[in-house]
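Enquirer: Have a look at this one.
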Amino acid sequence: MNIFLEEGEKNPLKIQDNTFRDGHQSLLATRMRTEDMIPIAEKMDDVGFWAMEVWGGATFDTMHRFLGEDPFDRIKTLKKYIKKTPFTMLLRGQNLVGYRNYADDVARLFVDKSCEAGMDIFRVFDALNDFRNFETVVERIKANGKHFQGTICYTLTERRMGGEIFNLDYYVKKAHEIQDMGADTLCLKDMAGIMSPFDISKIITALKKEISIPIHLHTHYTSGMASMVYLEAIKAGVDIVDTCLAPFALRTSQPAIEPIVATLYGTDRDPGIDLSTLLELGDYMETIAPRYRDFLDTHSMSVIDTGVLAHQVPGGMISNLVSQLKEAKALDRLPEVYKDVAVTRKEMGMPPLVTPTSQIVGVQSVLNVLFGRYKMVTNEIKDLAFGLYGKTPVPMDPDVRKKVLKGFKRGETPITCRAADFLEPELEGAREKIGDLAKDDFDLLIYAIYPTTGKQFLKWKYGLEEKPREVIGKTLEDIKKEDDDLALAMKNISKAK
Ligand code: CO
């Protein structure tokens, strides 16, 4: 393919918009409310995106827990305005939209009800790239006639792709596994933004020869390499990329769509998207963004995190490590924790660092630094060692595994079967426990996946308890009043001087 040709065969790049999911998840702690999406929903539908990402694990969690919104209602509502563009969601394999593997009956119902609510494309990933954790959800995605996008989590052990584990062969082999499972498209997911431009060029070139399904690239701008990564991927023939509207792009989010559209204008990969429409949509996003400004990380001048180029720890994981260490009044020990993350990750079989393995390894590393290595062990690290999240990319350190599993309630000998085969059905127990508070299967799922916060949400939903002030959230008027109050205070200070 000759990208810079202005004539010749056209192969338009397809673009997925992530503004309504990963954009505000990355920048604003997933706090964007449905009511702020509605005013531009129809215009977004007219842009010509390949798909719009509107849902995922953090969305489901944050909506019911912090926003008092029904996560299923968001899909149903947006679907009324967005009729042409398919919806896509990020599904954590057997983890669904939570942080552990759920039993098969919960997984089946979850996919069925998500389809019913209006989901079209399921981007399925597993934190260990153990695709046995796809089996149950994929069966239901296919049975509902929906699109299965199989995902490989991209990770490294070296400064660039290569080494013993995560080399080109690994990604090609994993891509074949996904194609063989009947995936409609393949996604390469670089959650930490550590993919480098010339590595992606190699991968896409190889995959284009090896597999026949379209290839979709997801990355984060975190390290500053993402725009270069996209350009190299586009030149190598990637089919689809993820972007956000500029106000919700860059920093730890996706690359912005506007410069990509301008870059490709008139080439054989021109996506054919109207730039002026994008600018209008961006203007709207600027008007609602102040409402969420309390969640924007403004602690540094730099909008990229150059540290990630060295330690390769994903952004979401860093903020968790920092808050844990702050709580323990030991923030000065962060460099030690970074070092321990590399060691613990290796001992635990080199999992990619993505939800939930990023949290599991991160929490254990903090404990290792504060109390001595594996002196205190979390239940999650025990489950991981036991095989309950699946098979790790390489075997765990046998001594560490033995130590971690000593006296473990589930047993000291790890399982090797598909993780969910070990789990008892959960749905009927949940149905009994929640009783009449769940009016339908949508409610039941909220409770089955998030028992504590889900139950609380259902009480708000049905008016049994009033939503607290912080759940109702700030309006733009509140923000304006804050600014006016600040301006007044400043004025008084200068007067007093
Ligand atoms: Co992402």
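The values are calculated or read from the model by the stated rules, or taken from the named source; none is laboratory data. All figures in this text were calculated on a predicted structure; none of them were measured in a lab. A quick note on method: Cβ atoms are made from the backbone with ideal geometry, for glycine too, and the neighbour counts reach across all protein chains shown. Surface areas here come from the heavy atoms of the whole protein model, side chains and all, with no ligands, DNA or RNA. Shrake-Rupley method; radii C 1.70, N 1.55, O 1.52, S 1.80 Å.
Enquirer: Multiply the residue separation of K406 and Y265 by 0.36 nm, subtract the distance between their alpha-carbon atoms, and state the gained length in nm to one decimal.
Expert: 44.7 nm
Enquirer: Distance between Cα centroids, the range 437-455 to the range 166-186: provide it in whole Å.
Expert: 35
Enquirer: Count the lysine pairs in the range 274-408 whose Cα atoms sit under 23 Å apart, keeping only pairs 8 or more residues apart in sequence or on different chains.
Expert: 24
Enquirer: Pairs of Cα atoms under 8 Å, at least six residues apart: use those to get the relative contact order of the chain, whole percent.
Expert: 18
Enquirer: Suppose R0 equals 25 Å. What FRET efficiency, 1/(1 + (r/R0)^6) with r the Cβ-Cβ distance, do M376 and F66 give to the nearest 0.05?
Expert: Computed FRET efficiency for M376 and F66: 0.30.
Enquirer: Now for a separate question. Just order 92-100, 289-297, 134-142 by mean Cβ neighbour count inside 10 Å, highest at the front, would you?
Expert: By packing density, highest mean first, the sequence is 92-100, 134-142, 289-297.
Enquirer: Which whole number of Å³ per residue matches the convex hull of the alpha-carbon atoms in the range 380-497?
Expert: 263
Enquirer: Please report the carbon-and-sulfur percent of the accessible area for the chain; probe 1.4 Å, protein heavy atoms only, DNA, RNA and ligands left out.
Expert: 54
Enquirer: Additional query: Send over the per residue convex hull volume for the range 245-302, Cα only, as a whole number of Å³.
Expert: Looking at the range 245-302, the number lands at 88 Å³ per residue.
Enquirer: At what distance in nm do the modelled label points of K80 and M181 sit from each other, each positioned 7 Å from its Cα along Cα→Cβ?
Expert: Between K80 and M181, the simple spin-label model gives 3.5 nm.
Enquirer: With 28 Å as the cut-off, how large is the P(r) tail for the chain, expressed as percent of Cα-Cα pairs?
Expert: 55
Enquirer: Let me ask something additional. From the mean inverse distance of alpha carbon pairs (Kirkwood) and the Cα radius of gyration, derive Rg over Rh for the range 313-422.
Expert: 0.97
Enquirer: Continuing with the same structure: Express the accessible area of the chain per residue in Å², computed with a 1.4 Å probe while the remaining protein chains stay in the model.
Expert: Ligands and nucleic acids excluded, the result is 43 Å² per residue.
Enquirer: Additional query: Treating each Cα of the range 173-246 as an identical point scatterer and ignoring solvent, apply the Debye formula and state log10 I(q)/I(0) at q = 0.25 Å⁻¹.
Expert: Log10 of I(q)/I(0), two decimals: -1.16.
Enquirer: Could you give me the percent of Cα pairs per 5 Å distance bin for the range 427-466, shortest bin first, beginning at zero and ending with the bin that holds the maximum distance?
Expert: Here the calculated profile for the range 427-466 is 6, 30, 39, 18, 5, 1.
Enquirer: Taking amide H atoms as placed 1.01 Å from N in the peptide plane, list the residues 5 or more away in sequence, or in a different chain, whose amide H sits under 5 Å from that of L91.
Expert: Those lying under 5 Å, H to H, from L91 are R123, V124, F125.
Enquirer: What Kirkwood Rh does the range 21-137 have if only Cα atoms enter the pairwise 1/r average? Answer in Å.
Expert: Kirkwood hydrodynamic radius for the range 21-137: 14.7 Å.
Enquirer: Putting +1 on Lys and Arg Cβ atoms and -1 on Asp and Glu Cβ atoms, find which of G266, I493, M195 reaches farthest to the positive end of the dipole of the chain.
Expert: Checked the options; the winner is I493.
Enquirer: Multiplying the sequence separation of S212 and I165 by 0.36 nm and subtracting their Cα-Cα distance, what value in nm do you get?
Expert: Once the chain is fully extended between S212 and I165, it gains 14.5 nm.
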